[in-house]
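Trainee: My questions will all concern the structure given below.
None of the figures in this text is laboratory data; all of them are computed from the coordinates on show. All of these numbers come straight from a predicted model, not from anything done at the bench. Please note: Cβ atoms are built from the backbone with ideal geometry, for glycine as well, and neighbour counts cover all protein chains shown.
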Amino acid sequence: MNIEGEEIESGILKINLSGRMDIEGVKTIETRFGELAGGEHAGVIVDMGDVPYMSSIGIRALLINAKAVSRRGGKYVVFNPQPDVKSVLEISGIDKIMDVCMDYSLALGKVSQ
């Protein structure tokens with residue numbers, strides 16, 4: 001897995017993930033993911049457009065980082081999951097706990113509120 005972070009607006013960070021969010025993939029990014037999500041940004045958008053697969057450990061990584069953002073009063077949105085990953089998010093109920101958007105403008109709007 002690969003992870004990159006970029007500030008897209010003042011106070012808003014976009015985290016781009018690519019690769020499989022399985023045990024090996026998450027191991028390679030979890031420290032950096034935590035550093036990025038745990039920073040000072042008020043809004044975090046996680047772009048999952050290049051993540052073709054996600055296991056339960058991937059769900060755990062999303063939850064841990066969403067909680068870190070929430071604890072400091074920030075907003076966290078998962079954006080653009082591929083169909084199989086979107087199904088995993090829906091089946092697991094994660095889409096009821098955190099915002100999941102397909103549209104970038106909508107995701108940006110949610111973290112900008």
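Trainee: Contour minus end-to-end for Tyr53 and Arg32, with contour as 0.36 nm per residue of separation and end-to-end as the Cα-Cα distance?
Mentor: Separation in residues times 0.36 nm, less the Cα-Cα distance, equals 5.6 nm.
Trainee: Right, next: Match the structure shown to one of the listed values (1) 32, 25, 22; (2) 60, 26, 21; (3) 42, 31, 26 of Cα extents along the principal axes in Å, computed from it, and give that label.
Mentor: Answer by label: (1).
Trainee: Dipole magnitude of the chain about its Cα centre, charges +1 at Lys/Arg Cβ and -1 at Asp/Glu Cβ only, in debye to the nearest 20?
Mentor: 440 debye
Trainee: On full extension of the chain, what length is gained from Ala42 through Ile8, given 0.36 nm per residue of separation minus the C-alpha to C-alpha distance?
Mentor: 11.0 nm
Trainee: Using alpha-carbon positions, what is the distance between the centroids of segment 38-55 and segment 82-101, in Å?
Mentor: Answer, in whole Å: 13.
Trainee: Amide H to amide H, which residues 5 or more places from Val51 or on other chains are under 5 Å from it, using H placed in the peptide plane?
Mentor: Gly19, Gln82
Trainee: Go ahead and run the numbers for FRET between Ile91 and Glu24, Cβ-Cβ distance against an R0 of 25 Å, rounding to 0.05.
Mentor: So, using R0 = 25 Å, E works out to roughly 0.65.
Trainee: Sequence-distant or interchain residues sharing an amide H contact under 5 Å with Val46, placed H: which?
Mentor: Residues meeting the criterion, in which the H sits 1.01 Å from N, are Ile15, Val77, Val78, Phe79.
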